[in-house]
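As structure tokens, the structure follows; a few thoughts come after it.
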Amino acid sequence: MSRKPAGLWALSIVIGLLFIALFIYIAYDIVTKGLQNWSEWVISAPFIKLGRDFWFVIAGILWIIGTILFFIEISGYTLTRGFKIVKNRVKWDAVDVTVVALSAAIYGGSLAATGGLPIIPGFTWLRPGNSLAPLFGILFGVPGALGTSIGNFIADALTGYLSIGSIGGFIGNFIIAYIPYKLMTDHSFRTPRSIIEYYIWGAVISSIYCALYISWWLDALEPVIGLPRALVWGWFAPWVIFNNAIVTTTITPILGYILYPPIKMRGLFWKDRLA
Amino acid sequence: MDIAVQAAILTIVGLIIHLIGVALYFVIKQRKGLFLALLGGLWTFAMIIFYIYDKLGFYGPMGGLQQESVGPAITTIVGFIILIIGVIIAVRLVRRGGVK
């Protein structure tokens with residue numbers, strides 16, 4: 001191994017470990033301060049300090065972009081890196097439809113299996129199955145991301161969290177899978193570039209985007225859904241970021257490293273299936 | 001808004017997606033319709049689960065599962081069953097392969 005790759009490997013490992021350490025620290029902070037004292041959590045501080053109005057505007061912009069992207073993708077088009085809308089090359093054959101079904105079943109089943117452990121009664125629970133969401137996007141592309149969406153919807157029904165708010169969760173979970181699929185250039189989990197890209201897009205940005213997306217929806221529909229706005233931004237948004245990132249920083253890269261070769265070898269990797 | 005009204009709206013959305021998918025697939029012969037039919041079908045499946053759980057009293061008064069009921073245990077079992085079905089589909093798909 002030459003010096004440069006060794007240096008890059010060291011950098012990717014350091015970045016990965018820093019993200020893992022950050023979210024383990026946040027977990028420690030939440031446990032020591034208590035689930036009820038959410039206003040004292042380190043991860044809640046940016047939301048409380050900058051206030052609801054600031055986050056409502058920022059999340060509103062992200063909500064519009066996310067929703068447009070979702071509808072572009074399900075209508076058979078996609079956005080290129082040059083911001084052009086072109087026809088998506090997903091075949092939508094029996095294999096793609098099967099991928100949607102298996103992603104929905106595995107993601108929904110794994111979330112429901114831990115559904116008896118509520119964190120905010122009515123809105124979220126402990127979700128180790130979240131580790132699969134970015135993975136389905138990275139490995140299967142748009143069909144995997146849509147499977148993730150519907151899997152989350154089924155899990156909401158099984159765990160008593162189904163409401164109009166679940167529509168936000170439907171697209172929010174699509175975004176968790178979609179961001180790393182779309183923005184990573186190397187999906188193999190086998191190069192320093194792939195690891196760094198994963199931690200930035202798949203573990204951190206997608207978790208934040210998903211949390212802001214759903215929180216904006218819950219805030220905008222507060223009269224219908226009923227979760228107080230202070231709770232949406234002070235508790236729900238930081239909790240969703242943490243609940244996603246704690247597993248996507250630790251478990252997902254290991255699963256990705258193990259699952260990428262068989263998926264690629266059997267011709268199921270999304271890039272190998274484009275028409 | 002009452003949860004029953006929210007559930008009714010979600011059920012109608014699921015059925016509409018399903019019917020659009022069926023119409024696209026069988027009438028206009030678009031392959032994308034099959035995917036929409038599946039999406040709407042799974043959405044409606046989630047709503048059927050909702051109505052069954054609601055009828056059996058598994059949901060708590062503030063949402064989530066009623067901890068005193070058998071709901072959490074049933075959900076864990078159903079979750080694992082769905083997970084196993086997903087894994088079986090995945091194994092079959094991997095054996096079959098994706099590229100033709």
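Laboratory data are not the source of any read-out in this text; all were calculated from the coordinates shown. Values in this document were obtained by computation on a predicted structure and should not be read as measured data. So basically every Cβ, Gly included, is an ideal-geometry build from the backbone, and we count neighbours across all protein chains shown.
A:T185 sits among other residues whose Cβ lies under 14 Å from its own Cβ, and their net charge, with Lys and Arg +1 and Asp and Glu -1, is +3.
Using only side-chain charges placed at the Cβ, +1 for Lys and Arg and -1 for Asp and Glu, the dipole size of the protein assembly as shown relative to its Cα centre rounds to 1740 debye. Does segment B:1-83 come out rounded, prolate or oblate by the C-alpha gyration tensor, with a ≥ b ≥ c the root eigenvalues, rounded set by a/c under 1.5 and, if not, prolate when a/b is larger than b/c and oblate if not? Taking the square roots of the gyration eigenvalues as a ≥ b ≥ c, segment B:1-83 is oblate.
Given +1 on the Cβ of Lys and Arg, -1 on the Cβ of Asp and Glu, and no further charges, what dipole in debye does segment A:62-189 carry about its Cα centre, rounded to the nearest 20?
320 debye
Once the Cα atoms are used to define both axes, helix B:3-26 deviates from the longest principal axis of chain B by about 10 degrees. Under 17 Å from a label point set 7 Å out along the Cα-to-Cβ vector of A:I205, the amide N atoms of segment A:17-54 belong to A:19. The helix-only estimate of mean residue ellipticity at 222 nm for the protein assembly as shown, built from DSSP H runs of length n ≥ 4 each weighted as -39500 (n - 2.57), is -23000 deg cm²/dmol after division by the residue total. Compute a Gaussian network model of chain B, connecting alpha carbons closer than 10 Å, and tell me which residue from B:G21, B:G71, B:G79 fluctuates the most. Looking only at B:G21, B:G71, B:G79, the largest GNM fluctuation is found for B:G79.
Can you compute the FRET efficiency between A:R81 and A:R266 using 1/(1 + (r/R0)^6), with r the Cβ-Cβ distance and R0 = 41 Å? Round to the nearest 0.05. Each step should come with its number before you reach the end.
Values: r = 28 Å, r/R0 = 0.68.
Here the calculated transfer efficiency is 0.90.
Segment A:177-231 and segment B:24-52 have Cα centres separated by 26 Å. Projecting the Cα atoms of A:M184, A:A45, A:T148 onto the charge dipole of chain A (Cβ charges, centred on the Cα centre) puts A:M184 farthest toward the positive pole.
Return the FRET efficiency for the residue pair B:I77, A:R193: r is the Cβ-Cβ distance, R0 is 35 Å, and the value is rounded to the nearest 0.05. Walk me through the numbers on the way to the answer.
On the way: r = 42 Å, r/R0 = 1.21.
So the FRET efficiency works out to roughly 0.25.
Counting only residues at least eight positions apart within a chain, or on another chain, the lysines with an alpha carbon under 20 Å from that of A:K33 are A:K49. Considering the options A:L162, A:F269, B:G64, tell which one lies farthest towards the positive end of the dipole of the protein assembly as shown, charges being +1 on Lys and Arg and -1 on Asp and Glu at the Cβ, about the Cα centre. The Cα lying farthest towards the positive end belongs to A:F269. What is the distance in Å between the Cα centres of segment A:36-54 and segment A:255-269? Segment A:36-54 and segment A:255-269 have Cα centres separated by 40 Å. Under the rule a/c < 1.5 gives rounded, and otherwise a/b versus b/c splits prolate from oblate, where does segment A:55-214 land using the Cα gyration tensor? Rounded, since a/c falls under 1.5.
List the pairs from A:K84/A:K182; A:K271/B:K29; A:K87/A:K264; A:K84/B:K29; A:K182/A:K271; A:K264/B:K32 whose alpha-carbon separation is above 20 Å, in the order I gave them.
Flagged as over cut-off: A:K271/B:K29; A:K87/A:K264; A:K84/B:K29; A:K264/B:K32.
Net charge of the neighbourhood of B:L34, taken over other residues with C-beta under 10 Å away and scored Lys/Arg +1, Asp/Glu -1, is 0.
Note on A:Y28 and A:A230: the model spin-label points, each 7 Å out from Cα along the C-beta direction, lie 3.1 nm apart.
Helix by helix through chain A, keep the DSSP H runs that span 20 Å or more along the axis on Cα and average at least -0.5 on Kyte-Doolittle, and give those back in order.
Working: long enough: A:3-33 (44 Å, 1.42); A:45-74 (37 Å, 1.62); A:94-113 (28 Å, 1.59); A:142-159 (26 Å, 0.94); A:165-183 (27 Å, 1.04); A:206-220 (21 Å, 0.83).
Counting only whole DSSP H runs, the qualifying helices are A:3-33, A:45-74, A:94-113, A:142-159, A:165-183, A:206-220.
For A:T159, neighbours were defined as the other residues whose beta-carbon sits under 15 Å from its Cβ, and their charges (Lys and Arg +1, Asp and Glu -1) total -1.
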